[in-house]
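I have placed the structure first, in the form of structure tokens, so that the comments after it can refer back to it.
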Amino acid sequence: ALPIFSQPNSDKKMEKLIQFEKEPVEVQMDHLPLLIRAVSEHLIVDFNYVKFDNSETRSHKIHPLLLREYRNRWYVVALVPDIKEVLVFGLDRIRDMRISTTHFRRPADFDADEYFKYSLGITRFNHEKPQKVVLSFDISQAKYLRSKPIHASQNILIDNKKEFRLKLEVQVSWELQSLILSYGDLVKVIQPASLSKIIQKRLRDSLKLYS
């Protein structure tokens, strides 16, 4: 063992050697221990929920099934019995949360890995099938994408000195669009045509900001 680990102020010294990603995101961390209990003990939870896209607040009663972290934000994946759908809620948008003493029966067919199988990030569309997405990258990105695939479904179609082309089987979400846009002129959407049109429009809209 390294000597630094046995010293009294090792935590402070380690902070100078190892840095973890930090973002100034307000997260309702006090919800976490309560939701961990609710998930593990199968307890019904109700709360008010504020959406990002508007100030509308809705009340929800849920059967929490899973806690999931994505980019320093925490989410609870839960069955909403009123609509018989599994939905995802951001903890930082939950208000007035209450955990009841009433237990629910966890769905025997819920599989977290299967639920997010075609997701890139946290978004999951319950009634949309995954699509075959083909992306053509500049060869400068090949080594990085080989070592860190975009998604578990990633399949390399072309890998030569001119092009690095890969195929994904995913749902077309905001996260996917944002990922593609983050590569700028180093990637081109080959298919589906509908995604290509979305990316082209968003690029044109971006250019308008500078005209």
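How much accessible area per residue does the chain have, counting only protein heavy atoms and a probe of 1.4 Å, in square angstrom?
Details: 14240 Å² over 211 residues.
Value returned for the chain: 67 Å² of accessible area per residue.
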TODO: Any aspartates and glutamates with Cα under 19 Å of the K188 Cα? List them, leaving off those in the same chain fewer than 8 positions away.
DONE: D138, D159, E163, E169, E175, D205
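Output the pairs from K161/K201; K84/K129; K129/K197 with a Cα-Cα distance over 24 Å in this structure; if there are none, say none. Display every interim value, and only then the final one.
Numbers: K161/K201 30 Å; K84/K129 19 Å; K129/K197 19 Å.
Checking Cα-Cα distances, K161/K201 exceed 24 Å.
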TODO: May I ask you to list the trypsin sites (Lys or Arg not before Pro) in the stretch 78-165 that are in a DSSP loop and have at most 16 other Cβ atoms within 10 Å of their Cβ?
DONE: K84, R105, K117, K161, K162
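Give the carbon-plus-sulfur fraction of the accessible surface of the stretch 39-172 in %, rounded to a whole number; probe 1.4 Å, heavy atoms of protein chains only. Write out the running numbers ahead of the final one.
Values: 3750 of 8010 Å².
Heavy-atom surface of the stretch 39-172 belonging to carbon and sulfur, 1.4 Å probe: 47 percent.
With contacts defined as alpha carbon pairs under 8 Å and 6 or more residues apart, what's the relative contact order of the chain in percent? Let's see the in-between values first.
On the way: 302 pairs, mean separation 31.0, N = 211.
Once normalised by length, the contact order is 15 percent.
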Open item on the list: Loop only by DSSP, 12 or fewer other Cβ within 10 Å of the Cβ. Give me the chymotrypsin sites (Phe, Trp or Tyr not before Pro) in the stretch 24-86 that pass, ordered by residue number.
Closed with: F52
TODO: Go through (i) -0.51; (ii) -0.75; (iii) -0.66 and flag the label whose value is the computed log10 I(q)/I(0) by the Debye sum over Cα atoms at q = 0.11 Å⁻¹ for this structure.
DONE: (ii)
Open item on the list: Between the stretch 110-124 and the stretch 147-185, how far is it from one alpha carbon centroid to the other, in angstrom?
Closed with: 18 Å
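The values are calculated or read from the model by the stated rules, or taken from the named source; none is laboratory data. Not measured: the values here are computed from a predicted model. Note that each Cβ is placed from the backbone with ideal geometry, even for glycine, and that neighbours are counted across all protein chains shown. Please note that ligands, DNA and RNA were not included when accessible areas were found on the heavy atoms of the full protein model with its side chains. Shrake-Rupley method; radii C 1.70, N 1.55, O 1.52, S 1.80 Å.
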